[in-house]
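The values are calculated or read from the model by the stated rules, or taken from the named source; none is laboratory data. Everything quoted here is computed from the prediction, not taken from an experiment. Note that each Cβ is placed from the backbone with ideal geometry, even for glycine, and that neighbours are counted across all protein chains shown. Just the protein is used for accessible areas: all its heavy atoms, side chains included, with ligands, DNA and RNA removed. Shrake-Rupley method; radii C 1.70, N 1.55, O 1.52, S 1.80 Å.
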Amino acid sequence: MDSFFYLVMFAGAVAGASTGLLGVYIVGMRMPFIGTCISHAAMAGIIFASLLGIENPIWGAVAASVITSMSLAAIRPEKSRLDTNVGLAILFSLMLGLTFLGMGLVQDSRSEVLGLLWGSILFVRQRTAVIITVMALTLAAFTIVFNKEMKVLLFSRSIAAATGVHESFVYCLFLALCGLTLSVNLKMIGGLMIFSLITNPAAAAYQICRGHKSVVLTATLLGMLSTVIGFLISFYSKKLPTGACVVIVSSAIFAIAAIYRHIAGKED
Amino acid sequence: MSSRLSLSNVKIKRSGRTILHIDNLQIPPGTFAGIIGTNGAGKTTLLKVCCGLIKPNQGSVEFDDTNLAVLGPWKRANLRKRIGYIPQAAEYNSELPFTLREVVAMGRISVRALLSPLRRQDYEYVDHWIDKLGLTNRRNQTFRSLSGGEQQKVLIARAMVQNPAILMLDEPGSNLDFNWKYQITDIIDDLYQQTNITILMVSHETNLLPRSCGRIVLLHQGKILADGPAEEVFASDALEIAYQCPVETVEVAGRKYTAIKSKV
């Protein structure tokens, strides 16, 4: 085993853990579409940053995803008569349009741009691993520090708002972290695939767990398992795209959780 | 301690149309007011204005002499820590595997500062209210596994652990069978008798307003059509104007039932 293998496994585990943890809140708030929307914003950001000749195009991804997240935070369903999911769909279509517009404008290295859609472990560098680890630790710290506020936001934003929780502030912070986490993991997991890594481990945890802490730990662990197993398959096959392997593994994990709940007749 | 609420010349507009226009509404400390009216009369909107969830286009909403309508979001949130709010079922996610105790503990969240975790004293208070509402045996069960009536009890406990100065309830008996409706009504009645907290309660069904609800605010097309002691409002012809049909109110075992007047 060379050091690249360990680096890939480590990066994969951290990416899986952080997206699994994000998923607890995204799935719980019933807006799984946010993953696709923000990751497409990040893709559009990378492509346009490349077109503009920015040295490190990841900054384009970070900027685009954070701007998109903040736009989502600005949608107040009670004021705009716009459901958050409808707002997401509109933003998603715009980001998709921008992504394909950018892809049309890219003359060289189109395959690298397409690689953003599917993800590849070949993108993993030591620097990538450091960045995603710092981001994952920041996300973990946020969920610990704002644990009580995030719980009530999950349960009901109306109750949170009506009873004096600073819900807009916490929600904005969360969405910003969402944008940052997704953009730093984008190249490795892939813009199309990251969606299921957010949704599947968390949905599986919601199937089998009781209590918020148990959901958080299980989703983080299942996210980690999805990426590690998916990466192992991708690594040894040498030709299967990372993102696809991760998605299939995470879907299988969800199926197992759902079947387990059904067979065990798990009572709450 | 109970709180005072005062609304003056409040207007809420949507798409250029005024959907709520309250000239004057005074709720002194310790009042139990029932808000009734037809569908679309503005009951829920009024409740959301009172707790600062909807900012009026015009007018003032004073909560203990502080105008909620002119405060910034941060200060408004700080003031709302003293409001216990129980929304309609559609406004909370009952599918998450939160335990009953976790949901009740959410009531202590706004009591603690932003970065401060809940402490042992908070959980003692949480357990006190769980016991008080007869939910002790179910404290570790998930909220989603409870019946609608039990969930409503949990939400009442969640609001009470906040130690609120005012309690606002939006149709707490909706979607419940009649046994549970009356159990919830009796719990609210007991809470009022024991704490004398200010209560605003929206209800479609007049018989679900607890006996201690001494004041009725009748809304019609976004305006207050009648406001006064329950007996007076139910005896007036305001209900017939609001519901646009002949109605009568009969009292059975202390509960006031309003229905279409019998032709027989």
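Couple of notes before you dig in:
- Subset tally (residues that are in a loop (DSSP other than H, G, I, E, B), surrounded by 19 or more Cβ atoms within 10 Å (Cβ to Cβ) and under 20 Å from the mean Cα position of the chain (by Cα)) for the stretch B:145-168: 4
- Some residue of the stretch A:123-130 being over 15 Å from the mean Cα position of the chain (by Cα), more than 14 Å from chain B (Cβ to nearest Cβ) and basic (Lys, Arg): yes
- Selection from the stretch B:169-183 of residues that are in a helix (DSSP H, G or I) and either surrounded by 17 or more Cβ atoms within 10 Å (Cβ to Cβ) or not assigned by TED's automatic domain parsing to the domain that holds B:Leu209 (or both): B:Trp180, B:Lys181, B:Tyr182, B:Gln183
- Flag for B:Ile22 being of a type in the set (Val, Ile, Thr), surrounded by 15 or more Cβ atoms within 10 Å (Cβ to Cβ) and in a strand (DSSP E or B): yes
- Test: residue in the stretch B:70-78 that is surrounded by fewer than 16 Cβ atoms within 10 Å (Cβ to Cβ) and among the basic types (Lys, Arg): yes
- The condition of being closer than 20 Å to B:Ile156 by Cα, modelled with pLDDT under 90 and of a type in the set (A, V, I, L, M, F, W, C) holds for only one of B:Leu239, B:Leu191, B:Leu208, that being B:Leu208.
- Checked against (1) in contact with a strand residue (DSSP E or B) (Cβ under 6 Å, 6 or more places away or on another chain); (2) on the phi > 0 side of the Ramachandran plot, B:Asn196 passes all but condition (1).
- Residue list for the stretch B:73-123, restricted to those being touching a residue at least 60 places away in the same chain (Cβ under 8 Å), out of contact with any Pro (no Cβ under 8 Å at 6 or more places or on another chain), facing chain A (nearest Cβ under 7 Å) and over 19 Å from B:Thr142 (Cα atoms): B:Lys81, B:Tyr85, B:Pro87
- Residue that is farthest from A:Leu182 (Cα to Cα), among those in the stretch A:226-268 that are open to solvent by 80 Å² or more (accessible area, probe 1.4 Å) and part of a helix (DSSP H, G or I): A:Ile263
- For the stretch A:144-173, filtering for residues that are closer than 22 Å to A:Ser71 by Cα and among the polar types (S, T, N, Q) leaves 3.
- Taking first residues from the stretch B:231-250 that are free of Cβ contacts under 8 Å to residues at least 24 places away in the same chain and partners that are of a type in the set (Lys, Arg), the Cβ contacts under 7 Å between residues at least 6 apart in sequence or on separate chains come to B:Pro246/B:Lys261; B:Val247/B:Lys261; B:Glu248/B:Lys261.
- Residue match in the stretch A:206-225 (condition: over 30 Å from A:Ala160 (Cβ atoms), over 13 Å from the mean Cα position of the chain (by Cα) and not charged (D, E, K, R)): yes
Each row is one residue, and each column tells you yes or no for (1) surrounded by fewer than 18 Cβ atoms within 10 Å (Cβ to Cβ); (2) in contact with a Phe, Trp or Tyr (Cβ under 8 Å, 6 or more places away or on another chain); (3) free of Cβ contacts under 8 Å to residues at least 12 places away in the same chain.
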site: A:Ile132; (1), (2), (3): no, no, no
site: A:Thr138; (1), (2), (3): yes, no, no
site: A:Glu149; (1), (2), (3): no, no, no
site: A:Leu153; (1), (2), (3): no, yes, no
site: A:Ser156; (1), (2), (3): no, yes, yes
site: A:Leu177; (1), (2), (3): no, yes, no
site: A:Gly191; (1), (2), (3): no, no, no
site: A:Asn200; (1), (2), (3): no, yes, no
site: A:Ile208; (1), (2), (3): no, yes, no
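- Any hit, the stretch B:243-263, residues being surrounded by 22 or more Cβ atoms within 10 Å (Cβ to Cβ) and either in contact with a Leu (Cβ under 6 Å, 6 or more places away or on another chain) or within 25 Å of B:Gly148 (Cα to Cα) (or both): no
Conditions (1) modelled with pLDDT of 85 or more; (2) within 17 Å of the chain's Cα centre (by Cα), marked per residue:
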| site | (1), (2) |
| --- | --- |
| A:Asp2 | no, no |
| A:Leu7 | yes, no |
| A:Ala15 | yes, yes |
| A:Thr19 | yes, yes |
| A:Leu22 | yes, yes |
| A:Pro32 | no, yes |
| A:Leu52 | yes, no |
| A:Glu55 | no, no |
| A:Ala63 | yes, yes |
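- Residue satisfying all of: in the stretch B:125-139; open to solvent by less than 50 Å² (accessible area, probe 1.4 Å) and closer than 17 Å to B:Tyr192 by Cα; nearest to the other protein chains (Cβ to nearest Cβ) among these: B:Trp129
- From the list A:Leu139, A:Leu186, the one residue that fits, being at pLDDT 90 or above and of a type in the set (A, V, I, L, M, F, W, C), is A:Leu139.
- Residues (in a loop (DSSP other than H, G, I, E, B), within 19 Å of B:Arg4 (Cβ to Cβ) and open to solvent by less than 10 Å² (accessible area, probe 1.4 Å)) located in the stretch B:31-46: none
Listed here are the residues, each with its yes/no results for (1) open to solvent by 60 Å² or more (accessible area, probe 1.4 Å); (2) β-branched (Val, Ile, Thr); (3) outside any helix (DSSP H, G or I); (4) outside the structural domain of B:Arg215 (by TED's automatic domain parsing).
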site: B:Lys11; (1), (2), (3), (4): no, no, yes, no
site: B:Gln26; (1), (2), (3), (4): yes, no, yes, no
site: B:Pro29; (1), (2), (3), (4): yes, no, yes, no
site: B:Lys48; (1), (2), (3), (4): no, no, no, no
site: B:Ile54; (1), (2), (3), (4): no, yes, yes, no
site: B:Val61; (1), (2), (3), (4): no, yes, yes, no
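- Residue count for the stretch A:28-61 under the criterion of being open to solvent by 30 Å² or more (accessible area, probe 1.4 Å), within 30 Å of A:Ser214 (Cα to Cα) and outside any loop (DSSP other than H, G, I, E, B): the result is 1.
- Residue within the stretch A:161-171 that is closer than 23 Å to B:Gly72 by Cβ, polar (S, T, N, Q) and either out of contact with any strand residue (DSSP E or B) (no Cβ under 7 Å at 6 or more places or on another chain) or modelled with pLDDT of 90 or more (or both) present: yes
- Any chance B:Thr142 is in contact with a Pro (Cβ under 6 Å, 6 or more places away or on another chain) and either away from chain A (no Cβ under 12 Å) or open to solvent by less than 50 Å² (accessible area, probe 1.4 Å) (or both): yes
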